[in-house]
């Protein structure tokens, strides 16, 4: 099969991890027609040859899988994966939900996490942090990078969903409720002792930027999503 051509405008690398022994990035809107083409592009053009691509089945839950001993590379349900193996590239897909990558230069652990509102309310951030601490991840030295997601400008929810969040993350506008998921996730991470200067990433709204990002809410249905990936550098 002839793969669609992509350019450097089809992805963004998280350069702040380069000097820490990790490589991470996220694909943007590109010439693809299905998600398998995006993964083929990432594997062939953005990561070193020979790495195993870990592709979880995301179910908007709170499960985080430790990949140090698990050999299964796909078809397992999880919304977060963590490892320190040098032969793996961890991935998650998003098209409005929040992608997160973590890298700890001290322990060598790195992670990719998919966070939607259901996962967040279900406790995936706390669950991930507890697992990281059990693995002796040094949270004070770890870096957390967030990818593009739907912003509070566009993330309209019903009052039932809004009621699941603390009031400080709810914006009332034109008799509708909007949630700032990014702020809620960021503050939850910082509450576990992560250094504020070690957090960053992309802060764009996927729904606002039609040319740059896929958005499930904006487009109602999209067969393609962004792939966020991370691996240890060669």
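We did not get these values from a lab; they are worked out from the coordinates using the rules stated. Only a predicted model underlies this, so the values are computations on that prediction, with no experimental measurement involved. Reconstructed Cβ throughout: ideal geometry from the backbone, glycine too, with neighbour counts over all protein chains shown.
Results, tabulated for the structure shown:
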quantity	calculated
Isotropically averaged projected area of the stretch 5-143, using the convex hull of Cα atoms (one quarter of hull area), nm²	8.3 nm²
Fewest-first sequence of 214, 169 by Cβ atoms within 10 Å of each Cβ	169, 214
GNM top mover of 88, 190, 164 - the chain, alpha-carbon springs below 10 Å	164
Overall Cα dimensions of the chain, principal axis frame, Å, largest first	53, 44, 31
Residue exposure sequence - 89, 208 - by fewest surrounding Cβ within 10 Å	208, 89
For the chain, share of DSSP beta bridges that run antiparallel, in % to the nearest 5	75 percent
For the stretch 79-138, the Rg and Dmax computed from alpha carbons only, in angstrom	11.6, 32
Estimated D of the stretch 132-234 in µm² per second, where Rh is the Kirkwood radius over Cα pairs and Stokes-Einstein applies at 25 °C, 0.890 mPa s	156 µm²/s
Approximate spin-label separation residue 133-residue 216, in nm, with each point projected 7 Å along Cα-to-Cβ	3.0 nm
Ellipticity estimate at 222 nm from DSSP helix runs (n ≥ 4, -39,500 (n - 2.57)) divided over the chain, nearest 500	-4500 deg cm²/dmol
Cα-based Rg / Dmax (Å) for the stretch 143-192	11.5, 38
Normalised contact order of the chain, rounded percent, pairs of Cα under 8 Å and 6 or more residues apart	25 percent
Ranked 27, 16, criterion: other C-beta atoms within 10 Å, fewest first	16, 27
